[in-house]
Amino acid sequence: MKWIEFSRLNQAIEGLTPNKKIRILAKDYPEQYLPFIEILSLELPINNLASKKAMKWITNTLEVFDEEIEEAIYIHGDIGEAMYHFTEDKVDSDFGISQVHRFLCMDCNKSNGDSFLIFKNAFEIMSPLEKKWFLRYWLRTPRNGINAGLVKKLLAKVYDKKEVDIKQHTQLHSLADIASYYDRDETPPNDLKVGRYIAPMLARVVPKEKWPSLCILEYKYDGARYQIHKGDSVLIFNRKGKVVTEKFPDIVQAVTSWEIIEPFIIDTEIYPIESDGKPAPFKKMGTRIHSKNVQEAIEKCPVKLGVFDCMMFNDENLMDLPLSKRLDIINKFPDLTSRSSQEQYDVFYNLAINDGYEGIMIKDLNALYESGKRSVSWAKYKPPRFELDVVITGVRYGEGKRATVFSSYDIAVKHNNDFISIGSVGTGFSEIDLIYLTNEAKKLILSVSNGTHSLSPRMVLEVTCDLITKDSKGNFGLRFPRLLRIRHDKPVSEINTLEDVKNLM
């Protein structure tokens, strides 16, 4: 498949319903299906690119001023559409989809390196339509209504599979890997491997009357979720599946010291502590996550490890075992999370809060490890305020001392393939938070209207409020919203949904 063919295909389905998209994509499903699937589903590596850098590369390539591109984006809504109308007609390039796939996977960290020269030479050759779809996928914002869920439906149609089977296979395999197995008329294996990231099981806020009767209680740690793999060496993955082992040499040392020789994959929480060993505010974790001086970060932000689940032990897949059976293996590990099966809910909750923890987890002992699913089998219980993970969709500058930073943030939750606004938040931010968010937001600006800068939905916040409201027009809002923390560790795909909001009302 040529890149121009892929671009025309995206152009054709841009405004269609999901079912029509699937029919057209299935009809034109190419022989080179691997890059096709990886691009459509955005199963692409991090390319260290943001809107600001992309703008610089484009202006340098086209030899125009920033203001010209900014005006085009303002008129047309996004950088891809802007370039479609901005550049003069050219003949279509001869690039194949595999070649452009390599361009999309380039590390763009250094603007004066080989990546820029490759980009410049390719971009100059592309026709306007090719530029549009290259830029959208280059910035990982295709804006065509295609997501991983729709690609799963596409594979089901192309290979005549059940969607439930594909969903099961995605727990352990990428969509491109699944397609390669299906294309060979094979079933993806159910084995786990050290070094291959597993989508984590997620918790939900569940009403007390729906808590499982046969359960175990655990402290809820106010830290960040990490998956630790150990074979010949130790690997630490963050919640997005990125290897961050180099950030935690102290955790690697601790895990290496365990008297466990079998290979394993465990689910853990790494959380900041005070000098007395008690939990510290989560905001301190930013030092560990972002600092370039690892040793200095270790001194400024000591951490502890809490092990709470095990997905693989001695090459055996444990995910299809109930928690009651997995506990036989989990209990082999040091540094376990504090847990109880005897205490009453309220007693254990009060102990957790008094010890400085965030709340408690109520876990169904009959539950399997449901990779990638937000399950009622893991109920979380925190102080009686509503808490939501949301994405920033718009920002505004403040006044007075905050006139140079964005201080008001429009926030939204997921609904199908879109985002639904639930108002804005402007309290709970430290000065450092505001500076950081302002710098990051400037890289994501899509358009400006009446003082509001619309952003590409990339940055996730955890907010709290007293009440969730709905007005006569059906608009949702939060009463007394306040920032809890910036969720560096959480991808947009895992924020709360409109259904979650309705369930909390």
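The values are calculated or read from the model by the stated rules, or taken from the named source; none is laboratory data. Everything numeric in this text was worked out from a predicted model, so none of it was measured. Positions of Cβ are generated from backbone atoms using ideal geometry, with glycine treated the same way; all protein chains shown enter the neighbour counts. All accessible areas refer to the heavy atoms of the entire protein, side chains included, with ligands and DNA or RNA removed. Shrake-Rupley method; radii C 1.70, N 1.55, O 1.52, S 1.80 Å.
Observations
- Per the listing Glu63, Glu31, Glu70, Glu5, the residue uniquely open to solvent by 60 Å² or more (accessible area, probe 1.4 Å) and at positive phi is Glu63.
- For the stretch 387-495, the strands (runs of 3 or more DSSP E) that sit wholly inside it and include 2 or more residues that are in contact (Cβ under 8 Å) with a residue 24 or more places away in the chain, crowded, with 16+ Cβ neighbours inside 10 Å and not β-branched (Val, Ile, Thr) are 406-415, 418-425, 445-449, 452-455, 460-465, 476-479, 482-486.
- Among the conditions (1) of a type in the set (S, T, N, Q); (2) over 22 Å from Leu175 (Cβ atoms); (3) at pLDDT below 90, Asn47 misses just one, which is (2).
- Residue check, Leu172 in a helix (DSSP H, G or I), surrounded by 19 or more Cβ atoms within 10 Å (Cβ to Cβ) and in contact (Cβ under 8 Å) with a residue 60 or more places away in the chain: no
This table checks each residue for (1) within 22 Å of Arg485 (Cα to Cα); (2) open to solvent by 20 Å² or more (accessible area, probe 1.4 Å); (3) in a strand (DSSP E or B); (4) of a type in the set (A, V, I, L, M, F, W, C).
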residue	(1), (2), (3), (4)
Tyr181	no, yes, no, no
Thr187	no, yes, no, no
Asp191	no, yes, no, no
Arg196	no, yes, no, no
Ala199	no, yes, no, yes
Leu217	no, no, yes, yes
Arg225	yes, yes, yes, no
Asp232	no, yes, no, no
Leu235	no, yes, yes, yes
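- Test set (1) at pLDDT 95 or above; (2) under 17 Å from Glu462 (Cα atoms); (3) open to solvent by 60 Å² or more (accessible area, probe 1.4 Å); (4) not acidic (Asp, Glu) - Pro384 fails condition number: (1)
- Qualifying residue in the stretch 32-54 (condition: over 28 Å from the mean Cα position of the chain (by Cα) and outside any strand (DSSP E or B)): no
- Only one entry in Leu336, Leu323, Leu305 is under 28 Å from the mean Cα position of the chain (by Cα) and surrounded by fewer than 17 Cβ atoms within 10 Å (Cβ to Cβ), namely Leu336.
- Selection status of Glu246, in contact with a helix residue (DSSP H, G or I) (Cβ under 8 Å, 6 or more places away or on another chain) and either open to solvent by 30 Å² or more (accessible area, probe 1.4 Å) or among the hydroxyl-bearing types (Ser, Thr, Tyr) (or both): yes
- Residues satisfying the criterion are absent from the stretch 49-61 (criterion: among the hydroxyl-bearing types (Ser, Thr, Tyr) and over 27 Å from Val448 (Cβ atoms)).
- Cβ-Cβ under 7 Å pairs, at least 6 apart or on other chains, the stretch 272-292 side under 19 Å from Arg225 (Cβ atoms), far side basic (Lys, Arg): Pro272/Lys284; Ile273/Lys304; Phe282/Arg485; Lys283/Arg485; Thr287/Lys300; Arg288/Lys247; Ile289/Lys247
- Every condition in (1) open to solvent by 40 Å² or more (accessible area, probe 1.4 Å); (2) part of a strand (DSSP E or B); (3) of a type in the set (A, V, I, L, M) holds for Ala203 except the one numbered (1).
- In the stretch 339-364, of all residues being in a loop (DSSP other than H, G, I, E, B) and over 25 Å from Glu494 (Cβ atoms), the one that is nearest to the chain's Cα centre (by Cα) corresponds to Gly356.
Residue-by-condition table, conditions (1) surrounded by fewer than 19 Cβ atoms within 10 Å (Cβ to Cβ); (2) of a type in the set (A, V, I, L, M, F, W, C); (3) at pLDDT 90 or above; (4) assigned to a helix (DSSP H, G or I):
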| position | (1), (2), (3), (4) |
| --- | --- |
| Met83 | no, yes, yes, yes |
| Asp89 | yes, no, no, no |
| Asp92 | yes, no, yes, no |
| Gln99 | yes, no, yes, yes |
| Leu117 | yes, yes, yes, yes |
| Asn121 | yes, no, yes, yes |
| Trp133 | no, yes, yes, yes |
| Tyr137 | no, no, yes, yes |
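- Enumeration of residues in the stretch 256-270 that are within 13 Å of Phe308 (Cβ to Cβ) and either in a loop (DSSP other than H, G, I, E, B) or open to solvent by 10 Å² or more (accessible area, probe 1.4 Å) (or both): Glu269
- Annotation: Phe282 fulfils all but one of (1) within 26 Å of Val244 (Cα to Cα); (2) open to solvent by 30 Å² or more (accessible area, probe 1.4 Å); the unmet one is (2).
- All of Lys161, Lys167 fail the test of being basic (Lys, Arg), part of a helix (DSSP H, G or I), more than 30 Å from Asp78 (Cβ to Cβ) and free of Cβ contacts under 8 Å to residues at least 40 places away in the same chain, apart from Lys167.
- Restricting attention to the stretch 308-320, the residues that are under 19 Å from Ile228 (Cβ atoms) and either among the small types (Gly, Ala, Ser) or open to solvent by 30 Å² or more (accessible area, probe 1.4 Å) (or both) total 4.
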